[in-house]
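The values are calculated or read from the model by the stated rules, or taken from the named source; none is laboratory data. Everything numeric here is computed off the predicted structure, so don't read it as measured data. Note: ideal-geometry Cβ built from the backbone for every residue, glycine included; neighbour counts use all protein chains shown.
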Amino acid sequence: MLYYILELRSLVQQHDGVIKRYYSQYVTGYDALILTDIVQSIENLGEKESILLSDFCADLSHISQDSTDLRSLRLDWFRFQAYVSMSRSSFSLNSDRRLAVTMNTTVFHLKMIDLIDEMLRETSDLSIYCFYTQQLETQLHQCLQLPSQSRYTVSFAHICSNFRSALHDLCPEEKAHIIDRSLKLCNLVLDELAKETASVAARLCEYEVRLTEQLSPNNCAKLIEEHDKQKSNKNSNTPRSLVMPGEESFRCSRDVLTLADKLQTALHELCSAVTSSK
């Protein structure tokens, strides 16, 4: 799940222009029109609230994807809520649920135009691992122990880049500490990934060396010796103790994985993690 969260974040950042264009056209082509109809149908609005909503709808119709700061429009919505929450207001927001839902939806659409990075931080921020490093290491080792999950281990290195979201302008003294922790954890993840890859590659090489040694003259002499013993003891049904070269290629079912299959699968998954890039 962590891997795909980071993938989605990367896709949103990569195609933010498309997202901005979509929502800007959606706001001008739908939200502005539907809000105008809703505002015109409200009868008991005060003059100040009516002007505020009318100006809000008019501004919505002129939004483009190049708009860089739409905070004033969102502030108008909060200002309207403050106005109608007063006891002397003739309008109650509880009486018009359609207006509240549409306005909240429009505010979300506006954020998707000028605050995409902020929306990503609110919905998929993983900087909490900055304060739970032991949990991150535990999950990393659990992931490495499962060959089917090892290709996703690189996501733990990418998580370290989210630690900057934990920084705040009011706490500048924490900046160096958090950046240092981010680098250390990232290096730890990469080191563990490299060690596991080297370990699997070494085990695979060791397996191939054992197969090669089966064809050595020394092993051939043992096979001849065992064959001679079986010829001299024709009546004995002693099972053959030595494995003939090439027997590892025979299998009763493809569902049964050999040691080589498991090691090659693990190595492939680890290499997929190593070569993964954003």
Residue under evaluation P147, criteria (1) at pLDDT below 90; (2) part of a helix (DSSP H, G or I); (3) closer than 22 Å to M1 by Cα, criterion not met: (2)
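Okay, residues lined up against (1) modelled with pLDDT of 85 or more; (2) within 26 Å of S165 (Cβ to Cβ):
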| position | (1), (2) |
| --- | --- |
| G29 | yes, no |
| A32 | yes, no |
| T36 | yes, no |
| F56 | yes, no |
| L70 | yes, yes |
| R74 | yes, yes |
| A82 | yes, no |
| S92 | no, no |
Of all residues making up segment 4-29, the number that are within 22 Å of T105 (Cα to Cα), β-branched (V, I, T) and in contact with a Ser or Thr (Cβ under 6 Å, 6 or more places away or on another chain): 1
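Quick grid of which residues meet (1) within 35 Å of the chain's Cα centre (by Cα); (2) under 20 Å from L35 (Cα atoms):
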{"residue": "F56", "(1), (2)": "no, yes"}
{"residue": "H62", "(1), (2)": "no, yes"}
{"residue": "R71", "(1), (2)": "yes, yes"}
{"residue": "T105", "(1), (2)": "yes, yes"}
{"residue": "H109", "(1), (2)": "yes, yes"}
{"residue": "L120", "(1), (2)": "yes, no"}
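Which ranges mark the helices (runs of 4 or more DSSP H) fully within segment 5-109 that have 2 or more residues being within 30 Å of S155 (Cα to Cα) and either in contact with a Pro (Cβ under 8 Å, 6 or more places away or on another chain) or among the basic types (K, R) (or both)? Write out each step before concluding.
Values: elements: 16-26, 32-41, 47-60, 71-84.
Passing ranges, in order: 16-26.
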Residues that are modelled with pLDDT of 90 or more and not aliphatic (A, V, I, L, M), drawn from segment 99-126: T102, N104, T105, T106, F108, H109, K111
Candidates S61, S72 - the one that is surrounded by fewer than 16 Cβ atoms within 10 Å (Cβ to Cβ), closer than 30 Å to R9 by Cα and in contact with a Ser or Thr (Cβ under 9 Å, 6 or more places away or on another chain): S61
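Which of the residues belonging to segment 41-51 are in contact (Cβ under 8 Å) with a residue 12 or more places away in the chain and either surrounded by fewer than 18 Cβ atoms within 10 Å (Cβ to Cβ) or among the aromatic types (F, W, Y) (or both)?
We begin by selecting, within segment 41-51, every residue in contact (Cβ under 8 Å) with a residue 12 or more places away in the chain; these are 42, 44-46, 48-49.
Correct list: I42, N44, G46, K48.
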Out of V107, V101, sole residue that is more than 24 Å from A166 (Cα to Cα) and in contact with a Lys or Arg (Cβ under 7 Å, 6 or more places away or on another chain): V107
Some residue of segment 26-44 being among the small types (G, A, S) and within 30 Å of the chain's Cα centre (by Cα): no
Test result for A198, in a helix (DSSP H, G or I), free of Cβ contacts under 8 Å to residues at least 24 places away in the same chain, assigned by the TED database to the domain that holds K262 and surrounded by fewer than 11 Cβ atoms within 10 Å (Cβ to Cβ): no
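Provide a single number: the residues in segment 152-173 that are assigned to a helix (DSSP H, G or I) and exposed (fewer than 13 other Cβ atoms within 10 Å of the Cβ).
Of all residues in segment 152-173, those assigned to a helix (DSSP H, G or I) come to 152, 154-166, 172-173.
Now narrow it down to the ones that are exposed (fewer than 13 other Cβ atoms within 10 Å of the Cβ): 172-173.
Result for segment 152-173: 2.
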Segment 150-162: number of residues that are free of Cβ contacts under 8 Å to residues at least 40 places away in the same chain and out of contact with any Asp or Glu (no Cβ under 8 Å at 6 or more places or on another chain): 3
Enumeration of residues in segment 65-106 that are within 22 Å of Y26 (Cα to Cα), β-branched (V, I, T) and touching a helix residue (DSSP H, G or I) at 6+ places or on another chain (Cβ under 7 Å): T68, T102, T106
Single unsatisfied condition, S64 versus (1) modelled with pLDDT under 90; (2) farther than 20 Å from K111 by Cβ: (2)
